[in-house]
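A short worksheet on the structure shown next.
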Amino acid sequence: MTEARAIDLDKWPRREHFEHYLTRVECTYAITVELDVTEMVAALRVVPWKSYIAQIWAIASVVNRHVEFRMTLTGEKVPATWDVVHPAFTVFNPERETFANVWSPFHADFSTFHQQAVDVLARYRNATSFQPQPDMPANVFDISSIPWTSFTGFSLQIRDGWKHLLPIFTLGRYRETGGRTVMPVAIQVHHAAADGFHTARLVQELQALFSDPSWLSK
């Protein structure tokens, strides 16, 4: 398994910010945005890919571009970053009305990721336990979906979660507005790991992938 790399604190521009929001003013924040997915939805109609997996890959692709969204703490409580983080995501069991939390390794190549993620979803769609996979690694971040409803605000209240540095994403149902298709995306962020600037950049880059889904045809 990949080991997290400790950050050189003497050279880290955000050292003071990290220590402030981790130990003095323990702080997370949530932002909900509506992203335009019109072009991606149109592209998915003519290719054999699943939209949920496309959403997951796009998020994981952007997350892995930036160290602030790949952060963790070592056993000595030293800030560190993973070289890669993999998406963990939910699969719903309609008969039980429960979901399982599963994961698939991230690949920069979308078709490779899609093939493996499809297998995971098929294998565990009837799972009866919360985490049916025995091999979930430490370097995963969470994505969940609420495809039954749209929303304009969403936040998680995580008791004693002040040391969880990886982002958490929640996706909602598409809705039509002004002839365009939009999807709500809620992002939970630890302020010690990332500031508003970093989250805004992530949102912009995710929007760029949705607006130019040429990666779906590769």
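Residues in the range 1-27 that are open to solvent by 50 Å² or more (accessible area, probe 1.4 Å) and within 27 Å of Asp109 (Cβ to Cβ): Met1, Thr2, Glu3, Arg5.
Restricting the search to strands (runs of 3 or more DSSP E) fully inside the range 105-209 and requiring at least 3 residues that are within 19 Å of Ala54 (Cα to Cα) gives 140-146, 168-172, 180-190. Applying a threshold of 6 Å to beta carbon distances and a minimum spacing of six or more residues, or different chains, the list of pairs starting in the range 119-142 at a residue that is without any contact (Cβ under 8 Å) to a residue 40 or more places away in the chain and ending at one that is open to solvent by less than 30 Å² (accessible area, probe 1.4 Å) and not in a strand (DSSP E or B) reads Val120/Ser104. If you go through the range 113-153 and keep only what is farther than 23 Å from Phe69 by Cβ and among the hydroxyl-bearing types (Ser, Thr, Tyr), you end up with Tyr124, Thr128, Ser129, Thr149, Ser150, Thr152.
For the range 163-182, the candidate set comprises residues that are open to solvent by 80 Å² or more (accessible area, probe 1.4 Å) and either of a type in the set (Asp, Glu) or at pLDDT below 95 (or both); within that set, the residue that is nearest to Glu68 (Cα to Cα) is Lys163.
In the range 42-62, the residue that is farthest from Val140 (Cα to Cα) out of those that are open to solvent by 10 Å² or more (accessible area, probe 1.4 Å) and part of a helix (DSSP H, G or I) is Ala42. Annotation note: of Thr90, Thr98, the sole residue that is hydroxyl-bearing (Ser, Thr, Tyr) and touching a strand residue (DSSP E or B) at 6+ places or on another chain (Cβ under 6 Å) is Thr90. Within the range 66-78, restricting attention to residues that are at pLDDT 95 or above and in a strand (DSSP E or B), the residue that is surrounded by the most Cβ atoms within 10 Å (Cβ to Cβ) is Met71. In the range 105-126, the residue that is nearest to Val84 (Cα to Cα) out of those that are aliphatic (A, V, I, L, M) and touching a Lys or Arg at 6+ places or on another chain (Cβ under 9 Å) is Ala117. The set of residues from the range 93-104 being assigned to a strand (DSSP E or B) and either surrounded by fewer than 15 Cβ atoms within 10 Å (Cβ to Cβ) or under 14 Å from the mean Cα position of the chain (by Cα) (or both) comprises Asn93, Thr98, Asn101, Val102, Trp103.
Considering each residue of the range 28-36 in turn, none proves to be open to solvent by less than 30 Å² (accessible area, probe 1.4 Å) and out of contact with any strand residue (DSSP E or B) (no Cβ under 6 Å at 6 or more places or on another chain).
Considering only residues that are among the aliphatic types (A, V, I, L, M) and open to solvent by less than 50 Å² (accessible area, probe 1.4 Å), look in the range 125-153 and name the one that is farthest from Val189 (Cα to Cα). Only one residue fits best here, namely Ala127. When we screen Ala122, Ala193, Ala108, Ala88 for residues that are surrounded by fewer than 13 Cβ atoms within 10 Å (Cβ to Cβ) and within 16 Å of the chain's Cα centre (by Cα), the only hit is Ala108.
The values are calculated or read from the model by the stated rules, or taken from the named source; none is laboratory data. Since this is a predicted model, take the numbers as computed values, not measurements. Note that we place each Cβ from the backbone using ideal geometry, even for glycine, and neighbour counts take in every protein chain shown. All accessible areas refer to the heavy atoms of the entire protein, side chains included, with ligands and DNA or RNA removed. Shrake-Rupley method; radii C 1.70, N 1.55, O 1.52, S 1.80 Å.
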